[in-house]
1. Put +1 on the Cβ of every Lys and Arg and -1 on every Asp and Glu Cβ in the chain; which of 137, 75, 298 then has its Cα farthest towards the positive end of the dipole?
2. Angle check, please: helix 276-302 long axis (alpha carbons) against the longest principal axis of the chain (alpha carbons), in degrees 0 to 90, nearest 10.
3. What shape does segment 42-166 take by its C-alpha gyration tensor, where a ≥ b ≥ c are the square roots of the eigenvalues and a/c under 1.5 counts as rounded, a/b above b/c as prolate, and the rest as oblate?
4. So which of 262/309; 13/246; 12/332; 120/262; 262/303 end up more than 32 Å apart, counting from Cα to Cα?
5. Could you work out how far apart the two model spin labels at residue 317 and residue 265 are, taking each label as a point 7 Å from the Cα in the direction of the beta carbon, and quote it in nm?
6. Give me the one-decimal nm value for the distance between modelled label points at residue 210 and residue 131, 7 Å along each residue's Cα-to-Cβ direction.
7. Given the Cα-Cα distance of residue 338 and residue 61 and 0.36 nm per residue of separation, how much length would full extension add, in nm?
8. Once phi is turned into ³J(HN,Hα) by the Karplus curve 6.51 cos²θ - 1.76 cosθ + 1.60 with θ = phi - 60°, what whole-Hz value does each residue of segment 149-164 show in order, with x for glycine and proline?
Amino acid sequence: MNTTPQNPELNKKRALSCIQPTGIPTLGNYLGAMRNWVAMQDEMDCAFAVADLHAITIRQNADQFRRQIYEMFALLLAVGLDPEKSLLFIQSQVPAHAEMTWLLACHTQFGELTRMTQFKDKSAKHNDNINLGLFAYPSLMAADILLYQPNYVPVGADQKQHVELTRNIAERFNNLYGNVFVVPEPYIMKNAARVRSLQDPTKKMSKSDENQNAFISLKDSPDVIMRKFKRAVTDSEACVKYAEGKDGINNLMEIYAAVTDKKLDDIEAEFEGKGYGVFKAVVAEAVIETLRPIQQKFDDLMKDKSYLKQLMKEGSIRAQAVSHRTLNNALKKMGFVLV
Ligand code: TRP
């Protein structure tokens, strides 16, 4: 029996995702996630948040952290998320997230949290600071999600396990107290490009790579972008062809396809008989032109903090209204006394 409560006010499906304000995203984050969020805005009722509370599971420097929160919010706007279409907000500005986390933490099992691969990885990496927050991270993520009753949670493969746990928590809660939460599904995006490291194309492009040449940051200048592509690792064949064993070229072709909408076959034809030097420069140019308007808008927004703050405020008010309804319903069903 499907006992999932439906979203009464809407016939559009709802989607929610969040991004941590820990450093500027890469071209991979843009082509693999953020760009698809922009497209989703027209199909679904979307909410996107900056997950600043998640970021403090690792130590942050206060001044840098504050800047990163502004930057991530500005970047969401700069890539094309539109506060008229989507709910955009900062997690910490909506107190229900922290409150709901406690309710859900009491319905999340120690064993479940111990099995989370991200917890295992992060606690190995930061083994001088394995705090309760790092362990309880998935309960906070479940709160982010369940408060907004989304049908879909667009995430990358690395977050799928957390969404599965969210589903288990939601089902457990609904079974105990009646229908409180929509049980959401992870949403793996169709057009998501899987962008790989420019230095080791067997690995995913990552902003935390120690090798700066391995990734394109959305803030990289045209010169830097050109240089990084010119240094990209390829092979010794000098043939622009999508094939097994040509991870470097495959990656560059996929990036080029993603930013130009060209097909891989057409790209092969376009560069037939041309060397890698020419190809790399064309890919770099296409990426530079894709990022140019985003960077321009980002720079403009970062000059106007009061405007950013005003949009944050408007988002937080709307998010508070939605999240409060779910929180109060959960509290009431559990037997808390509401006044
Ligand atoms: N944990 C996610 C990440 O690191 C970010 C996140 C926090 C999130 N809350 C979320 C993603 C809710 C989707 C839904 O990428």
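1. Most positive-ward Cα: 137.
2. 40
3. The shape class here is oblate.
4. 262/309; 13/246; 120/262; 262/303
5. Result for the modelled spin labels: 5.4 nm.
6. Calculated label separation equals 2.6 nm.
7. 95.9 nm
8. Ordered by residue, 3J(HN,Hα) equals 6, x, 7, 10, 10, x, 9, x, 4, 5, 9, 5, 4, 5, 6, 4 Hz.
Throughout, read-outs are computed from the coordinates displayed, never taken from laboratory work. Just so it is clear, the structure is predicted and the values come from calculations on it, not from any experiment. FYI the Cβ positions are ideal-geometry reconstructions off the backbone, even for glycines, and counts take in every protein chain you see.
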